[in-house]
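Working notes for the structure below.
FYI, it's all coordinate maths here, none of it is from the lab. Everything numeric in this text was worked out from a predicted model, so none of it was measured. When we count neighbours, we look across all protein chains shown, and the Cβ atoms used for this are built from the backbone with ideal geometry, even at glycine.
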Amino acid sequence: MSTERQVIIIGSGPAGLTAALYAARANLKPLVIEGIEAGGQLMLTTMVENWPGYRDGIMGPDLMTELRAQAERFGAEIIQGDVSSVELSTRPFTVNVDKTHYTAQALIVATGASAKWLDLGVDKKLSGRGVSTCATCDGFFFKGLPVAVVGGGDTAMEEAIYLSKLATKVTVIHRRDELRASKVMQDKAFSTPNISFLWNKEVVDIKDVDQGKVTSLVLRDTQTGEKSEIDVDGVFIGIGHVPNTALFKGQLAMHDNGYLKTHGGSRTSVPGVFAAGDVQDHVYRQAVTAAGSGCMAAIDAERFLSGTLHESHQTASAHG
Amino acid sequence: MASENVKVFTDANFGDEVKNGVVLVDFWATWCAPCRRLAPIVDQLAEEHNGKLTVAKVDIDENPMTPSRFMVRGIPTLLLFKNGDLKETIVGLETKDRLNQIIAKHL
């Protein structure tokens, strides 16, 4: 089975759906392949307070439902499925979803990033047994129990605040002596009575694999090297994300950290392939910047298809 | 909501229901976003393996005992039983291809 398209968008977070909205309004009839983590990271969050236009905030999943409906209203086709491979060496490009092959003249990569694990090996073994990267999914299981959150950024603080309503005690473990999280999130976390902080500590082991559940964490002080142990029933990991770029290895240029390289707006190393959102952004990583870059990618794809996308950035912006 | 090939198990009937044949059980909750993503895949598995594989769902809000018995502490979790014995525990989202590979080992 083969279906030729003008534009295929891989991914359905804020970047992918905004690209779909703009591409649909440009009459490109985009096909969005939503991916296994459909809706992206916002599907796992609660209240989003920094999406412009919602003064009281909006729930992450509700925002994604709206974005999706908006893209569909203008003719974007959104299908379930997870891309298994891509062939970008010839145009039209081929995108394979299991045994179905889709082809397109232009491709927008918006595959985002997924939660990073601790890389201890043991954390994956105890996944679903007390180790989690999603407080809104798994917090339920820790009602009335002590838990830990690893990390010092906004994700970690959001998890800690969410869990403080369920768990008896939330201990935030951070390897530095100050948080990276925004001031608003820091203030919220510091003022929550059952959230406490362990500074300059990193997790070196999670017990107990033999029992098949989390019983405690072994910590090492990053300054003194001294080891300690803390008893918890659950540990939530909020130490950042890794870009979902495995599909494109050897086909699109990447930075050393795995993020896609872009230039002149949203262009990747292959003409006709554009990238948007967290898959190419290791600096800002916000829903609104993802959406903005999704818009850029759709406009770049449209110009590429009409032959008006020029190699020099100056020339391209002169058309703007 | 779920396909008609998918059964609903509860704390009351769980033990009896997994006794015979190959049974795949999806632990989920209404508030779990990844569970909603997995649901259509589970429906498709039920349809494709109809007759060879029993597929069921357990709502963990309404049935707290069964998840605790199998130490389920994260959802979605899929448990695969063969003649009453727990054979596979699959935590988190997986693609249909990957799930089919795991199921195939036991059919």
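Quick notes on this one:
- Here is the list for the stretch A:218-320: chymotrypsin sites (Phe, Trp or Tyr not before Pro) lying in DSSP coil, each with at most 14 other C-beta atoms within 10 angstrom of its C-beta, are A:Tyr284.
- Against chain A, whose longest principal axis is taken from its Cα atoms, helix A:14-25 shows a tilt of about 20°.
- Cα-based shape type of chain B, given that a ≥ b ≥ c are square roots of the gyration tensor eigenvalues and the cut on a/c is 1.5: rounded
- Cleavage-rule hits (trypsin sites (Lys or Arg not before Pro)) in the stretch A:190-255: DSSP loop, at most 13 neighbouring Cβ within 10 angstrom: A:Lys249
- Summary value for the stretch A:162-281: 15 percent relative contact order, contacts being C-alpha pairs under 8 angstrom separated by 6+ residues.
- Legend: residue pairs A:Lys116/A:Lys143; A:Lys116/A:Lys249; A:Lys213/B:Lys105; A:Lys169/A:Lys213; A:Lys99/B:Lys19; B:Lys19/B:Lys87, Cα-Cα distance threshold 23 Å; pairs beyond threshold, A:Lys116/A:Lys143; A:Lys213/B:Lys105; A:Lys99/B:Lys19.
- Per-residue 3J(HN,Hα) values for the stretch B:36-43, derived from phi via the Karplus relation 6.51 cos²θ - 1.76 cosθ + 1.60 with θ = phi - 60°, read 5, 6, 6, 3, x, 5, 4, 4 Hz in sequence order (x marks Gly and Pro).
- Computed over chain B, the per-residue total of -39500 (n - 2.57) for DSSP H runs of n ≥ 4 gives a 222 nm mean residue ellipticity of -9000 deg cm²/dmol, rounded to 500.
- Lone cysteines, chain A (no partner Cβ under 4.7 Å): A:Cys295
- Cα centroid separation - the stretch A:20-98 against the stretch B:75-105, whole Å: 28
- Each residue in A:Phe93, A:Phe142 was given a count of other beta-carbon atoms within 10 angstrom of its own, and listing them fewest first yields A:Phe93, A:Phe142.
- Angle between chain A longest axis and helix A:287-305 axis [Cα atoms, degrees, rounded to 10]: 20
- Shape call, the stretch B:1-54: gyration tensor on alpha carbons, a/c limit 1.5: oblate
- Degrees separating the helix A:60-73 axis from the principal Cα axis of chain A, which is the longest one: 10
- Per-residue ellipticity at 222 nm computed for chain A from its helices equals -7000 deg cm²/dmol, with DSSP H segments shorter than 4 residues left out and the rest contributing -39,500 (n - 2.57).
- Averaging the sequence gap over all C-alpha pairs within less than 8 Å and six or more residues apart, then dividing by the number of residues, gives chain A a relative contact order of 20 percent.
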